[in-house]
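The values are calculated or read from the model by the stated rules, or taken from the named source; none is laboratory data. This structure is a prediction, so every number in the text was calculated from the model and none was measured. Ideal geometry is used to build each Cβ from the backbone, glycine not excepted, and the neighbour counts take in all protein chains shown. Quick note on the areas: whole protein, heavy atoms, side chains included, nothing else; ligands and nucleic acids left out. Shrake-Rupley method; radii C 1.70, N 1.55, O 1.52, S 1.80 Å.
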Amino acid sequence: MPRSLVSLFFGACLALVAVPTHAQTWGTVQGTVTDSADGTPLPGVTVIVQDTDFGTATNPNGRYTLRLPTGQYALRFSSVGFATRIDTVRVTDEDQGPTTLNVALTASIRELEGLTVTDTQTEQETGVYEIDPKDVQNIPTPFKDGFRALKTVPGVATNNELSQQYSVRGGGYNENLIFINGFEVFMPFRARQGEQEGLGLLNPDMATDITFYTGGFPPRYGGKLSSALDVQYAQPENQPLSGSASLSTLDASVHARSSALDGDLGWAFGARRAQPGQFFNTQDLKGEYDPRFQDVQGSLVYRLSDRTSVEALGIWADHVFHLEPRERTTYFGVISLRDPSASDFRALRTNFNGERTDGYTTKLAGLRLNTDFSDRLSIEHDLSYFGTRETESFDVTSTGRVCGVDPTGGDTPENCTRILNNVRRVQFADNAVEIQRLTGGGHYRWVLDRHALEGGWSARSMDFNDRLNERNILTGTNNGEPFRIRVDSLRDQAAFNEHQLGFYLQDAVDLLSTRDRLVLTGGLRSDYYSFNDEWTVSPRLSANFKHNERLSLNGSWGIYHQQPAYRELRGTPQGVDQIDDILNRDLQSQRSMQIVAGGEYFFPENRLYLRAEAYYKDLDDIISYTIEDVRVNYSGENDANGYTYGLDLQLRGEFVPGLKSWFNYSFMVARENFKPAFEDDNTQGWIPRPTDQRHTFSAFVQDYVPGDKSWQLHMRLLYGSGLPYTTVNPDLESDDRVQQRVPGERMGQRLPAYRRVDVGATKEITLAEEGISEPVTLDLTMEVLNLFDMDNTVAYSWTGTGADITRIPKRLTPRTLNARIRLTF
């Protein structure tokens with residue numbers, strides 16, 4: 001996007017928050033960079049504004065031209081073989097002509113070091129994206145929990161701002177690995193709706209590095225098919241106290257980090273609390289929302305010596321979602337402006353009696369011992385406990401009716417031209433699940449001159465205790481005919497105790513004399529699962545080639561397995577099923593063969609990066625599933641095979657000095673084919689997978705308010721084409737007591753496209769130039785969430801029978817304002 005267009009857009013958004021501005025003025029600095037020895041012009045010299053990635057490069061004649069907002073800047077000139085030089089320049093208004101700054105660089109002489117391949121090449125690996133925790137703070141989202149920021153990464157599907165769940169390159173919500181300081185954490189197990197999930201466990205205030213593998217991840221990450229998220233919290237060393245405190249209309253947080261004992265002890269601490277009841281109450285369903293989400297996290301590292309350290313991580317999270325629903329009014333249908341008589345506009349009006357409470361209590365404790373025997377050989381051993389208790393309790397009776405309405409008749413209950421059906425729904429649940437995981441492991445790294453060897457092992461015990469007691473009954477009349485429909489009904493409990501083992505070995509080899517130009521990584525992973533007595537073997541291979549300073553290429557091939565967890569093993573019980581009886585010990589791990597190829601091109605004149613990756617996944621022994629809002633319902637069988645292919649594109653850079661922006665586009669096709677033994681009339685041939693979102697576009701753009709750099713503007717754009725969903729059959733299935741809904745054509749229709757624009761404006765006020773460790777600043781932020789008030793549908797519910805069955809949309813949040821104040825010290 002051209003800089004003028006960015007400024008124009010943000011200028012329009014600025015009026016929404018009533019920020020006083022005046023015209024932005026730009027100027028030009030130009031000059032020639034030469035060799036100080038003989039005055040020879042130097043081509044390809046990097047010219048950037050100090051402490052940013054905003055800049056350009058000299059042309060073949062050593063000339064450069066750089067447009068900047070008026071003011072004083074420090075420009076950094078660097079080139080291979082020359083000493084870096086920093087010069088200060090004042091850029092004046094273009095009416096006064098360009099500013100000239102000529103620079104002469106001095107050749108640098110240094111002894112070449114021995115060739116050593118490094119064991120951390122994440123920025124060059126296939127499908128890897130580095131996310132700056134500062135950008136997470138700037139992205140306008142309802143909560144700053146980190147997971148929601150992933151929706152601006154290529155290949156990540158988007159259709160729900162309330163949920164922290166995410167789908168990567170056609171994978172399911174349960175196909176993503178998440179690590180914090182190397183300890184694996186897990187998403188909520190049984191959430192039905194995004195607003196019940198609470199805050200994600202990733203606290204961006206405490207993070208220093210966020211690495212996201214969208215595909216082709218190495219053997220050290222195992223057990224899932226789609227992605228791996230690796231988050232590192234701060235481990236301060238010889239660092240004075242620093243931190244922040246934040247308060248908004250939706251949440252509050254505080255964090256601090258420092259070191260003690262002469263730098264041997266580093267610690268970081270964070271606490272968050274959110275009560276977004278007013279935000280949730282903007283949806284169609286009105287009531288007394290009382291969500292209370294809170295967590296406390298702490299990270300410690302104690303350096304016993306220069307080569308030995310002990311790490312610890314602790315997390316306690318308690319998320320309670322309480323709701324006393326009162327009423328819901330949802331309008332849907334078709335309005336014809338040309339012929340009002342052709343309109344078919346309807347409204348669902350429902351009154352509720354009862355309440356629901358959902359609880360999620362999570363605990364994590366991790367301990368790790370690190371030992372560096374030398375600069376080349378290191379080992380680490382860790383032990384962690386992850387436990388969660390999730391409860392779901394509701395007893396709600398609702399009575400409603402679907403009416404035809406006059407589009408011009410106003411939003412009143414009396415606006416009902418005809419009654420299509422009356423519905424009474426009884427929903428009851430008293431469910432609980434307790435999950436405990438105890439994991440131990442070891443990792444070993446040996447770096448040689450041309451190799452980086454790595455190996456490791458892990459062992460995990462898992463305990464699940466599940467209690468289900470729920471029913472959902474619909475009764476009423478449809479065009480005068482009475483009906484009674486059992487949507488679901490189940491009462492049972494079960495215990496599940498198993499263990500897993502995993503081993504991996506990999507080697508990264510530097511194949512050329514030029515360091516890091518061509519790195520080949522090969523590895524093998526093997527996993528065991530006691531439930532089905534299954535061993536899996538996963539070979540993986542990747543290559544990264546740096547053609548020149550502008551172009552780098554990468555590719556990977558690998559086999560990935562995902563062992564069935566309790567949700568997949570249990571499937572979706574029906575009313576007559578017993579959980580212990582339907583746990584399928586013949587269920588095998590899902591398998592994915594993945595091929596990824598891509599590259600990145602750097603435009604030095606504009607300091608922009610263009611990245612592209614194409615991928616193909618061959619899927620075997622799929623455990624099929626459907627998605628209702630955010631709940632995944634598995635079949636409990638290896639009943640399908642499938643494939644996924646797609647293309648991810650990203651353009652990123654700094655359109656203004658010091659502020660990163662990026663634009664993403666993804667195309668994807670995800671299909672599955674049911675095996676003959678599991679086919680029926682609704683599952684014939686190749687059909688879309690539940691995550692088959694064909695087109696996605698996302699962007700995050702930052703700019704300064706014209707004329708005042710203490711004001712920053714942030715914009716997030718999200719677009720996702722409609723996800724497929726399974727309809728219900730108008731005809732009901734009957735037993736001796738009650739009728740029951742049955743599915744219709746699988747993934748036969750699609751939700752409307754998801755479209756959303758969020759903007760924010762931040763004023764930074766410097767309270768003290770010299771604080772304890774850095775300046776003390778106060779940030780005042782106003783965010784407009786869903787700027788254009790777009791209606792987004794996340795799911796459908798159904799009422800009525802036969803030809804008069806009615807599809808009712810569940811919509812997400814409308815336009816909302818959020819104010820935030822943040823103190824950084």
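Assorted remarks:
- Taking only the Cα atoms of the stretch 627-744, the ratio Rg/Rh comes out at 1.21, with Rh defined as the Kirkwood radius.
- Quotient of Cα Rg and 2.2 N^0.38 Å for the stretch 149-259, N being how many residues it contains: 1.18
- Toward the positive end of the charge dipole of the stretch 583-707, with +1 on the Cβ of Lys and Arg and -1 on the Cβ of Asp and Glu, the farthest Cα among Met593, Phe655, Ile687 is that of Phe655.
- Percent of Cα pairs in the stretch 249-345 per distance bin of 5 Å, from zero to the largest separation: 3, 10, 13, 10, 9, 9, 8, 8, 7, 6, 5, 4, 3, 2, 2, 1, 0.
- Across all C-alpha atoms in the stretch 421-478, the radius of gyration and Dmax reach 25.7, 78 Å.
- Over the stretch 216-340, Cα pairs under 8 Å with separation of 6+ residues give a relative contact order of 19 percent.
- The stretch 360-427: trypsin sites (Lys or Arg not before Pro) in DSSP loop, at most 16 other beta carbons within 10 Å: Arg376
- For the pair Ser393 and Asp463, a Förster radius of 25 Å applied to the C-beta separation gives a FRET efficiency near 0.65, rounded to the nearest 0.05.
- The chymotrypsin sites (Phe, Trp or Tyr not before Pro) of the stretch 355-399 that DSSP puts in a loop, and whose beta carbon has at most 14 other beta carbons within 10 Å, are Phe373.
- The order of the peptides 713-726, 805-818 by mean Cβ neighbours within 10 Å, most packed first, is 713-726, 805-818.
- Both radii were evaluated on the Cα set of the stretch 383-426; the Rg over Rh quotient, with Rh as the Kirkwood radius, amounts to 1.44.
- When +1 charges are put on Lys and Arg Cβ atoms and -1 charges on Asp and Glu Cβ atoms, the dipole computed for the chain relative to its Cα centre reaches about 1340 debye.
- Ranking Cys416, Cys403 by solvent-accessible area of protein heavy atoms (1.4 Å probe, all protein chains present), from largest to smallest, gives Cys416, Cys403.
- Relative contact order (%) - criterion: Cα under 8 Å, at least six apart; region: the chain: 11 percent
- Subset of Lys546/Lys617; Lys363/Lys660; Lys144/Lys660; Lys224/Lys810 violating a 28 Å alpha-carbon distance limit: Lys363/Lys660; Lys224/Lys810
- Shape descriptor for the stretch 427-529: Rg over Rh equals 1.40 (Cα atoms; Rh from the Kirkwood inverse mean 1/r).
- Less than 5 angstrom separates the built amide H of Arg517 from those of Leu512, all sequence-distant by 5 or more or on a different chain.
- Compared with the dominant Cα axis of the chain, that is its longest principal axis, helix 3-14 is turned about 50°.
- Length, then width, then depth: along the principal axes, the Cα atoms of the stretch 523-661 run 67, 35, 24 Å.
- Calculated SAXS-style log₁₀ I(q)/I(0) at q = 0.11, 0.24 Å⁻¹ - the stretch 471-544, Debye, Cα scatterers: -0.62, -1.04
- When the residues Ser526, Ser393, Ser624 are ordered by accessible surface, computed with a 1.4 Å probe over the protein chains alone, the sequence from largest down reads Ser393, Ser526, Ser624.
- Within the chain, helix-based [θ] at 222 nm, where runs of 4 or more DSSP H residues each add -39,500 (n - 2.57), nearest 500: -1000 deg cm²/dmol
- Carbon and sulfur %, accessible surface of the stretch 139-240 computed with the full protein complex present, 1.4 Å: 41 percent
- Loop-resident sites, the stretch 476-544, for chymotrypsin sites (Phe, Trp or Tyr not before Pro), counting at most 11 other Cβ within 10 Å (DSSP): none
- Accessible area ranking (1.4 Å probe, heavy atoms, ligands and nucleic acids excluded), largest first, for Leu377, Leu304, Leu364: Leu304, Leu377, Leu364.
- Taking the convex hull of Cα positions in the stretch 256-412, its mean projected area over all directions (nm²): 16.2 nm²
- Diffusion of the stretch 351-443 by Stokes-Einstein, at 20 °C in a medium of 1.002 mPa s and with Rh set to the Kirkwood radius over alpha-carbon pairs, works out to 113 µm²/s.
- Relative contact order computed over the stretch 175-276 (Cα-Cα under 8 Å; 6+ residues apart), in percent: 26 percent
- Surface exposure of the chain, expressed per residue as accessible area with a 1.4 Å probe, stands at 42 Å².
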